[in-house]
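What follows is a single structure, written as C-alpha coordinates, with notes after it.
The values are calculated or read from the model by the stated rules, or taken from the named source; none is laboratory data. Nothing here was measured: the structure is a model prediction, and the numbers come from that model. With ideal geometry, Cβ positions are generated from the backbone for all residues, glycine too; neighbour counts draw on all protein chains shown.
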Amino acid sequence: MPFVDAAEPVEKEAQASAQTKISPSGEPEDKAVLLDVLSRFESELREQLKNALAELKQRIEQGPPFQLEERQKRIARLEILLNDPDADLPEQYRRVVEAYRVELDYAKTIDAYRALLKTDGNERLVDFLSIGRLALYYQTLNGRESGIWLNDSRRWQRLSGEGNEAITQGLRTARKLEPPQLIELPLPGPRKP
(Lines give C-alpha, C1' and ligand atoms only; values in the text may rest on other atoms or scores of the structure.)
Protein backbone atom coordinates (compact mmCIF):
# COMPACT_ATOMS: atom_id res chain seq x y z
CA MET A 1 0.00 0.00 0.00
CA PRO A 2 1.21 3.52 -0.70
CA PHE A 3 1.40 4.74 2.88
CA VAL A 4 3.55 2.02 4.48
CA ASP A 5 6.97 3.12 3.16
CA ALA A 6 6.44 6.77 4.05
CA ALA A 7 7.10 6.04 7.72
CA GLU A 8 10.74 5.04 7.11
CA PRO A 9 12.38 8.44 7.83
CA VAL A 10 10.51 8.79 11.13
CA GLU A 11 11.25 5.17 12.00
CA LYS A 12 14.99 5.71 11.49
CA GLU A 13 14.85 8.81 13.66
CA ALA A 14 12.99 6.84 16.33
CA GLN A 15 15.71 4.17 16.28
CA ALA A 16 18.39 6.82 16.65
CA SER A 17 16.48 8.46 19.49
CA ALA A 18 15.99 5.10 21.17
CA GLN A 19 19.75 5.02 21.66
CA THR A 20 19.48 7.91 24.11
CA LYS A 21 20.92 7.44 27.57
CA ILE A 22 18.90 5.39 30.02
CA SER A 23 18.79 6.50 33.66
CA PRO A 24 19.39 4.05 36.51
CA SER A 25 15.59 3.79 36.94
CA GLY A 26 15.30 2.41 33.39
CA GLU A 27 13.61 5.52 31.97
CA PRO A 28 15.05 7.40 28.99
CA GLU A 29 16.76 10.56 30.10
CA ASP A 30 15.24 12.56 27.29
CA LYS A 31 11.54 11.64 27.19
CA ALA A 32 10.80 14.84 25.32
CA VAL A 33 12.81 13.64 22.32
CA LEU A 34 10.96 10.32 22.24
CA LEU A 35 7.57 11.99 22.62
CA ASP A 36 8.42 14.39 19.82
CA VAL A 37 9.44 11.54 17.50
CA LEU A 38 6.28 9.59 18.33
CA SER A 39 4.12 12.65 17.78
CA ARG A 40 5.68 13.30 14.37
CA PHE A 41 5.34 9.63 13.45
CA GLU A 42 1.65 9.71 14.34
CA SER A 43 1.11 12.91 12.34
CA GLU A 44 2.86 11.50 9.29
CA LEU A 45 0.95 8.23 9.51
CA ARG A 46 -2.37 10.09 9.76
CA GLU A 47 -1.40 12.11 6.67
CA GLN A 48 -0.43 8.96 4.78
CA LEU A 49 -3.78 7.37 5.68
CA LYS A 50 -5.55 10.41 4.24
CA ASN A 51 -3.45 10.14 1.06
CA ALA A 52 -4.23 6.43 0.76
CA LEU A 53 -7.94 7.15 1.14
CA ALA A 54 -7.77 9.93 -1.48
CA GLU A 55 -6.09 7.49 -3.89
CA LEU A 56 -8.77 4.86 -3.24
CA LYS A 57 -11.52 7.44 -3.76
CA GLN A 58 -9.96 8.44 -7.09
CA ARG A 59 -9.79 4.80 -8.23
CA ILE A 60 -13.47 4.36 -7.40
CA GLU A 61 -14.40 7.53 -9.29
CA GLN A 62 -12.36 6.51 -12.34
CA GLY A 63 -13.37 2.85 -12.44
CA PRO A 64 -16.58 1.07 -13.39
CA PRO A 65 -19.50 2.35 -11.28
CA PHE A 66 -20.52 -0.99 -9.75
CA GLN A 67 -22.09 -0.88 -6.27
CA LEU A 68 -21.19 2.81 -6.46
CA GLU A 69 -23.45 4.10 -3.70
CA GLU A 70 -22.16 1.52 -1.21
CA ARG A 71 -18.55 2.26 -2.13
CA GLN A 72 -19.01 6.04 -1.91
CA LYS A 73 -20.65 5.70 1.51
CA ARG A 74 -17.68 3.65 2.72
CA ILE A 75 -15.30 6.40 1.57
CA ALA A 76 -17.44 9.13 3.20
CA ARG A 77 -17.45 7.26 6.54
CA LEU A 78 -13.67 6.88 6.34
CA GLU A 79 -13.19 10.57 5.56
CA ILE A 80 -15.16 11.44 8.69
CA LEU A 81 -13.11 8.99 10.75
CA LEU A 82 -9.77 10.24 9.41
CA ASN A 83 -10.70 13.87 10.04
CA ASP A 84 -11.62 13.16 13.66
CA PRO A 85 -8.59 14.24 15.75
CA ASP A 86 -9.80 12.09 18.66
CA ALA A 87 -10.10 8.92 16.59
CA ASP A 88 -7.88 6.01 17.51
CA LEU A 89 -4.95 5.75 15.06
CA PRO A 90 -4.87 1.93 14.96
CA GLU A 91 -8.61 1.91 14.20
CA GLN A 92 -8.10 4.43 11.39
CA TYR A 93 -5.34 2.28 9.94
CA ARG A 94 -7.42 -0.90 10.24
CA ARG A 95 -10.42 0.66 8.52
CA VAL A 96 -8.37 2.05 5.60
CA VAL A 97 -6.71 -1.34 5.07
CA GLU A 98 -10.14 -2.99 5.27
CA ALA A 99 -11.48 -0.62 2.58
CA TYR A 100 -8.57 -1.56 0.30
CA ARG A 101 -9.28 -5.26 0.91
CA VAL A 102 -12.95 -4.81 0.02
CA GLU A 103 -11.97 -3.09 -3.24
CA LEU A 104 -9.46 -5.86 -4.02
CA ASP A 105 -12.15 -8.48 -3.38
CA TYR A 106 -14.35 -6.84 -6.01
CA ALA A 107 -11.68 -7.71 -8.58
CA LYS A 108 -12.25 -11.43 -8.13
CA THR A 109 -16.02 -11.64 -7.75
CA ILE A 110 -18.96 -12.06 -10.06
CA ASP A 111 -21.95 -10.21 -8.67
CA ALA A 112 -25.57 -9.66 -9.67
CA TYR A 113 -27.62 -6.95 -8.00
CA ARG A 114 -30.64 -4.77 -8.67
CA ALA A 115 -30.35 -0.98 -8.59
CA LEU A 116 -31.32 2.21 -10.39
CA LEU A 117 -29.66 2.94 -13.71
CA LYS A 118 -29.36 6.64 -14.51
CA THR A 119 -28.94 7.39 -18.21
CA ASP A 120 -29.93 10.38 -20.32
CA GLY A 121 -31.74 12.01 -17.40
CA ASN A 122 -33.89 8.90 -16.83
CA GLU A 123 -33.86 6.42 -13.98
CA ARG A 124 -35.02 2.84 -14.16
CA LEU A 125 -34.62 -0.27 -12.07
CA VAL A 126 -32.36 -2.83 -13.75
CA ASP A 127 -30.25 -5.86 -12.93
CA PHE A 128 -26.49 -5.32 -12.94
CA LEU A 129 -23.87 -7.96 -13.64
CA SER A 130 -20.37 -7.16 -12.45
CA ILE A 131 -17.45 -9.31 -13.60
CA GLY A 132 -14.71 -8.29 -11.20
CA ARG A 133 -13.38 -4.89 -12.19
CA LEU A 134 -13.23 -6.07 -15.80
CA ALA A 135 -16.77 -5.47 -17.01
CA LEU A 136 -20.12 -4.11 -15.86
CA TYR A 137 -23.42 -4.85 -17.58
CA TYR A 138 -27.07 -4.03 -17.06
CA GLN A 139 -30.27 -5.68 -18.18
CA THR A 140 -33.81 -4.36 -17.90
CA LEU A 141 -36.13 -6.35 -15.66
CA ASN A 142 -38.08 -7.64 -18.66
CA GLY A 143 -34.79 -8.92 -20.16
CA ARG A 144 -35.27 -7.08 -23.46
CA GLU A 145 -32.41 -4.59 -23.21
CA SER A 146 -28.84 -4.95 -22.01
CA GLY A 147 -25.82 -2.71 -22.02
CA ILE A 148 -22.15 -2.58 -21.15
CA TRP A 149 -20.23 0.14 -19.31
CA LEU A 150 -17.52 1.77 -21.43
CA ASN A 151 -15.14 3.12 -18.84
CA ASP A 152 -12.97 5.17 -21.23
CA SER A 153 -15.94 7.23 -22.41
CA ARG A 154 -17.79 6.94 -19.06
CA ARG A 155 -21.05 5.86 -20.70
CA TRP A 156 -23.33 2.89 -21.30
CA GLN A 157 -23.60 1.20 -24.69
CA ARG A 158 -26.63 -0.93 -25.58
CA LEU A 159 -25.94 -4.50 -26.66
CA SER A 160 -27.46 -6.53 -29.47
CA GLY A 161 -29.85 -9.43 -28.87
CA GLU A 162 -27.01 -11.97 -28.78
CA GLY A 163 -25.28 -10.04 -26.00
CA ASN A 164 -28.63 -9.84 -24.24
CA GLU A 165 -28.85 -13.64 -23.94
CA ALA A 166 -25.31 -13.86 -22.56
CA ILE A 167 -26.11 -11.23 -19.90
CA THR A 168 -29.23 -13.19 -18.89
CA GLN A 169 -27.11 -16.32 -18.52
CA GLY A 170 -24.44 -14.39 -16.58
CA LEU A 171 -27.04 -12.99 -14.18
CA ARG A 172 -28.44 -16.48 -13.56
CA THR A 173 -24.95 -17.88 -12.94
CA ALA A 174 -24.02 -15.01 -10.58
CA ARG A 175 -27.21 -15.65 -8.60
CA LYS A 176 -26.31 -19.35 -8.44
CA LEU A 177 -29.44 -20.31 -10.36
CA GLU A 178 -27.23 -22.12 -12.87
CA PRO A 179 -23.94 -23.95 -12.31
CA PRO A 180 -20.74 -22.06 -13.18
CA GLN A 181 -20.00 -22.30 -16.87
CA LEU A 182 -18.13 -20.57 -19.63
CA ILE A 183 -20.18 -17.65 -20.95
CA GLU A 184 -19.18 -15.57 -23.95
CA LEU A 185 -19.80 -12.02 -22.79
CA PRO A 186 -18.98 -8.93 -24.83
CA LEU A 187 -16.07 -7.02 -23.33
CA PRO A 188 -15.27 -3.32 -23.40
CA GLY A 189 -12.42 -2.25 -25.68
CA PRO A 190 -8.84 -1.98 -24.43
CA ARG A 191 -8.25 0.63 -21.77
CA LYS A 192 -6.20 3.69 -22.48
CA PRO A 193 -2.85 3.74 -20.62
**Prompt:** Is there any pair linking a residue in segment 164-193 that is assigned to a loop (DSSP other than H, G, I, E, B) to one that is modelled with pLDDT under 90 and not aliphatic (A, V, I, L, M), with Cβ under 8 Å and at least six apart or on different chains, and which?
**Reply:** Leu185/Gly163; Pro186/Gly163
**Message:** Of all residues being without any contact (Cβ under 8 Å) to a residue 24 or more places away in the chain and among the basic types (Lys, Arg) in segment 46-73, which is surrounded by the most Cβ atoms within 10 Å (Cβ to Cβ)? Just the residue, please.
**Reply:** Lys57
**Asked** Taking the condition at pLDDT below 95 and farther than 30 Å from Asn51 by Cα, does Pro190 pass?
**Response** no
**Item:** Flag if Ser153 is exposed (fewer than 14 other Cβ atoms within 10 Å of the Cβ), within 19 Å of Pro188 (Cβ to Cβ) and among the hydroxyl-bearing types (Ser, Thr, Tyr)
**Value:** yes
**Complete:** Among residues of segment 84-136 being assigned to a helix (DSSP H, G or I) and of a type in the set (Val, Ile, Thr), the residue nearest to Thr168 (Cα to Cα) is Val102
**Message:** Looking only at segment 120-132, filter to residues that are touching a Phe, Trp or Tyr at 6+ places or on another chain (Cβ under 6 Å) and in contact (Cβ under 8 Å) with a residue 24 or more places away in the chain; which one of those is surrounded by the most Cβ atoms within 10 Å (Cβ to Cβ)?
**Reply:** Leu129
